[in-house]
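*Asks:* Here it is, the structure, as structure tokens.
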Amino acid sequence: MKPPYRQRRLLQGLAATLGVALSLQAGAGDGAADFGWTTRLVAEGHELRRDSPFAAGLDLTSFGRDRYRIEQELRGRAGPVSLLLTATESGREGARPDGRFVANEAYADFSVGGERFTVGKKVLSGDVAYAFRPIDVLQRESRLQVMPAQLEGIPMLSWDNFSVDGAWSVVIANPGHQRRGEAREDGSVALKLYRRAGAADLHGVLRNSNRYGLELGAAAAMVPSDALEIHASLLTQHRGERRLPLADTASVADLLRADRALVTETIAAPRKALVGGTWTTAEGLSVLGELWWDGTAPAAADWQRLARQAAQRRALLGLPGVPAAAVAGATAASTRMFEQGNLARRGLLTRLAWSDPGGGWSASADLLKSMEDGGWTLTTALAWQSDRLRFDAGLRRHGGHADSAYRLLPERGVAFVGLSVAY
């Protein structure tokens with residue numbers, strides 16, 4: 001049974017979501033408001049890798065824990081105001097359920113002196129790629145997650161201009177912020193450009209922040225024929241960051257400190273690039289391929305050093321004067337290296353998918369491979385969708401060379417299922 005205060009929090013979130021929709025719909029007048037409600041259930045079964053080099057600290061992490069998520073989502077628009085609100089109950093094996101109410105998006109579009117502006121909280125994703133998005137410098141969306149929750153937008157103010165064949169926007173993200181805990185929380189100013197040129201969509205972005213300095217990126221997508229689409233993306237930064245394990249010369253004292261398990265390294269002038277394409281048939285079969293370089297992702301040697309240090313900590317267990325809690329805490333803290341959005345500096349994704357041309361069923365198989373260390377992730381999925389109902393199920397497995405990033409993941413894989421109903 002859920003604790004009463006958590007029940008109250010979830011019910012309050014649901015009531016607030018419904019109340020906002022009703023009040024906006026009433027205030028907007030007949031025909032001026034349009035809202036949709038979706039209920040979504042997601043369940044995941046995680047298989048722990050029992051022979052993991054990080055076994056000493058896994059009890060302090062979420063790896064290998066089955067989990068579920070129930071979402072109530074309200075999405076729509078009333079006059080100039082757009083909303084995406086979610087009330088979520090989530091649970092994880094070994095932990096108490098939690099309730100959360102989030103305004104993923106809440107923004108208004110308006111005009112002043114003939115110019116168009118947007119203010120509020122909005123999802124600011126942008127790029128043309130599937131597996132990795134180099135020029136997604138505002139939202140910084142982590143791609144290829146299993147049944148991800150809705151993205152949470154960023155507080156922003158933008159000045160927008162649209163024409164027949166293009167658009168530009170000046171975006172102030174997180175106004176009043178300087179550098180915060182995560183890059184997406186930093187204050188920044190960005191210029192976003194879009195232009196349609198024949199069969200090509202061209203994108204550009206220029207962003208400035210205290211953390212990374214100037215970031216300049218461009219992307220393009222073209223459709224040369226009905227069956228073929230090709231795309232590319234490139235970003236250069238004044239400076240970047242990546243999370244790495246300690247140096248090999250680290251002392252035993254440092255190895256046992258959880259707050260020193262990983263260090264953040266600043267990189268001068270890193271670059272990110274991706275090229276890919278999709279071939280599609282009239283029968284609903286498609287093949288996608290993408291190859292990329294991410295200058296801010298860990299190298300193969302970094303993952304090998306992470307594994308060596310996990311083995312060094314494990315060897316300290318039982319020695320006089322070495323607390324087991326310190327070994328477990330430092331080992332658990334080192335697994336945060338897997339939380340980075342991209343684990344492969346040189347990566348390759350191949351995706352084979354099929355969708356019934358008449359609607360209903362679809363299936364896919366994705367193979368993500370690290371070209372540096374030989375690790376891989378294979379995800380197979382099946383889905384069925386009608387006008388209001390959608391069902392998803394799938395399986396993800398990790399493997400490869402013993403010291404590769406994906407093989408070092410403390411989980412062998414995850415099975416997932418999702419069900420959503422729209423009202």
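The values are calculated or read from the model by the stated rules, or taken from the named source; none is laboratory data. The shown structure was predicted, so the numbers you read here are calculated from the model rather than taken from an experiment. With ideal geometry, Cβ positions are generated from the backbone for all residues, glycine too; neighbour counts draw on all protein chains shown. We work out accessible area using only protein heavy atoms, side chains counted, and drop any ligands, DNA or RNA first. Shrake-Rupley method; radii C 1.70, N 1.55, O 1.52, S 1.80 Å.
*Asks:* Compute a Gaussian network model of the chain, connecting alpha carbons closer than 10 Å, and tell me which residue from Val112, Val128, Val171 fluctuates the most.
*Replies:* Top of the fluctuation ranking is Val112.
*Asks:* For the chain, set up a GNM with springs between Cα atoms under 10 Å and report which of Trp354, Trp303, Trp376 has the largest fluctuation.
*Replies:* Maximum fluctuation in the GNM of the chain, among the listed residues, is at Trp354.
*Asks:* For the chain, just run the numbers: alpha carbon Rg, then divide by 2.2 N^0.38 Å, N being how many residues it has.
*Replies:* Numbers: Rg = 23.2 Å, N = 423, 2.2 N^0.38 = 21.9 Å.
Compactness ratio reported: 1.06.
*Asks:* With Kirkwood's inverse mean 1/r over C-alpha pairs for Rh, give me the Rg to Rh ratio of the range 306-389, two decimals please.
*Replies:* On the way: Rg = 21.1 Å, Rh = 16.8 Å.
For the range 306-389, the value is 1.25.
*Asks:* What distance in nm separates the simple spin-label points at Ala167 and Trp361, each placed 7 Å from Cα in the Cβ direction?
*Replies:* Once both label points are built, they end up 3.7 nm from each other.
*Asks:* Also, quick follow-up: What's the extension gain from Ile230 to Val421 if we count 0.36 nm per residue and subtract their Cα-Cα distance? Working shown, then result.
*Replies:* Values: separation 191, 0.36 × 191 = 68.76 nm, distance 3.40 nm.
Gain on stretching Ile230 to Val421: 65.4 nm.
*Asks:* For the charge dipole of the chain, defined by +1 on Lys and Arg C-beta atoms and -1 on Asp and Glu C-beta atoms about the Cα centroid, which residue among Phe162, Gln340, Val327 has the Cα displaced farthest towards the positive pole?
*Replies:* Looking along the dipole axis, the top candidate is Val327.
*Asks:* Something else about it: Only four residue types carry charge here, +1 at the Cβ of Lys and Arg and -1 at the Cβ of Asp and Glu. Report the dipole size of the range 94-142 about the Cα centre in Debye, rounded to the nearest 20.
*Replies:* Working: 7 positive and 7 negative charges, 41 e Å.
Charge dipole of the range 94-142: 200 debye, to the nearest 20.
*Asks:* Helix 324-334: angle to the longest alpha-carbon principal axis of the chain, degrees 0 to 90, nearest 10?
*Replies:* The angle comes out at about 40 degrees.
*Asks:* Leaving out ligands and nucleic acids, note down the accessible area per residue over the range 305-375 with a 1.4 angstrom probe, in whole Å².
*Replies:* Details: 3140 Å² over 71 residues.
Accessible area per residue: 44 Å².
*Asks:* Further, regarding this structure: Please work out how many pairs of lysine residues in the chain are eight or more positions apart (or on different chains) and have Cα atoms closer than 18 angstrom. Display every interim value, and only then the final one.
*Replies:* Details: Lys121/Lys192; Lys122/Lys192; Lys192/Lys272; Lys272/Lys369.
Taking the Cα cut-off of 18 Å, the pair count is 4.
*Asks:* For Asp186, what is the net charge nearby, where nearby means another residue's Cβ is under 12 Å from its Cβ and Lys, Arg count +1, Asp, Glu -1? Walk me through the numbers before you get to the answer.
*Replies:* Values: positive: Arg140, Arg179, Arg180, Arg184, Arg207, Arg211; negative: Glu182, Glu185, Glu215, Glu241.
Once all neighbours under 12 Å are counted, the net charge is +2.
*Asks:* Can you classify the range 147-193 as rounded, prolate or oblate using the Cα gyration tensor, where a ≥ b ≥ c are the square roots of its eigenvalues, rounded means a/c under 1.5, and otherwise it's prolate if a/b beats b/c and oblate if not?
*Replies:* Values: a/c = 3.01, a/b = 1.44, b/c = 2.09.
Taking the square roots of the gyration eigenvalues as a ≥ b ≥ c, the range 147-193 is oblate.
*Asks:* Where does the range 249-297 land on the Kirkwood hydrodynamic radius, alpha-carbon pairs, in angstrom? Don't jump to the answer; show the numbers that get you there.
*Replies:* Values: mean 1/r = 0.0655 Å⁻¹.
Evaluated over the range 249-297, this radius sits at 15.3 Å.
*Asks:* If you build a Gaussian network model of the chain, linking Cα atoms that sit under 10 Å apart, which residue out of Asp136, Asp248, Asp403 swings the most?
*Replies:* Asp248
*Asks:* Sorted by mean Cβ packing within 10 Å, highest first, what order do the peptides 415-421, 236-242 take? Could the numbers behind the result be given before it?
*Replies:* Details: 415-421: 16.0, 236-242: 19.0.
Ranked by mean Cβ neighbours within 10 Å, highest first: 236-242, 415-421.
*Asks:* Further question on the same structure: Calculate what fraction, in whole %, of the accessible area of the chain sits on carbon and sulfur atoms when a 1.4 Å probe is rolled over the protein chains.
*Replies:* Numbers: 12000 of 20720 Å².
Whole-percent figure for carbon plus sulfur exposure: 58.
*Asks:* Here is a follow-up. Are there GluC sites (Glu not before Pro) in the range 244-334 that DSSP marks as loop and that have at most 16 other Cβ atoms within 10 Å, and which are they? Walk me through the intermediate numbers first.
*Replies:* On the way: sites: Glu265, Glu283, Glu290; in loops: Glu283.
Hits after loop and neighbour filter: Glu283.
*Asks:* Can you bin every Cα-Cα distance in the range 221-346 into 10 Å intervals starting at zero and give me the percent of pairs per bin, rounded to whole numbers?
*Replies:* Taking all Cα pairs of the range 221-346, the binned fractions are 11, 31, 22, 17, 12, 6, 1 percent.
*Asks:* Before rounding to the nearest 500, sum -39500 (n - 2.57) across all DSSP H runs of length at least 4 in the chain and divide by the residue total; then give [θ] at 222 nm in deg cm²/dmol.
*Replies:* Details: 5 runs with 61 residues, N = 423.
After summing the helix terms and dividing by residue count, I get -4500 deg cm²/dmol.
*Asks:* Give a quick list of GluC sites (Glu not before Pro) in the range 132-228 that DSSP marks as loop, anything other than H, G, I, E or B, with at most 11 other Cβ atoms within 10 Å. Don't skip to the answer; put the middle values down first.
*Replies:* Working: sites: Glu141, Glu152, Glu182, Glu185, Glu215; in loops: Glu141, Glu152, Glu182.
Filter output for the range 132-228: Glu182.
*Asks:* Can you pull the one-decimal nm distance between simple spin-label points at Glu182 and Leu151, each 7 Å off the Cα toward Cβ?
*Replies:* 1.2 nm
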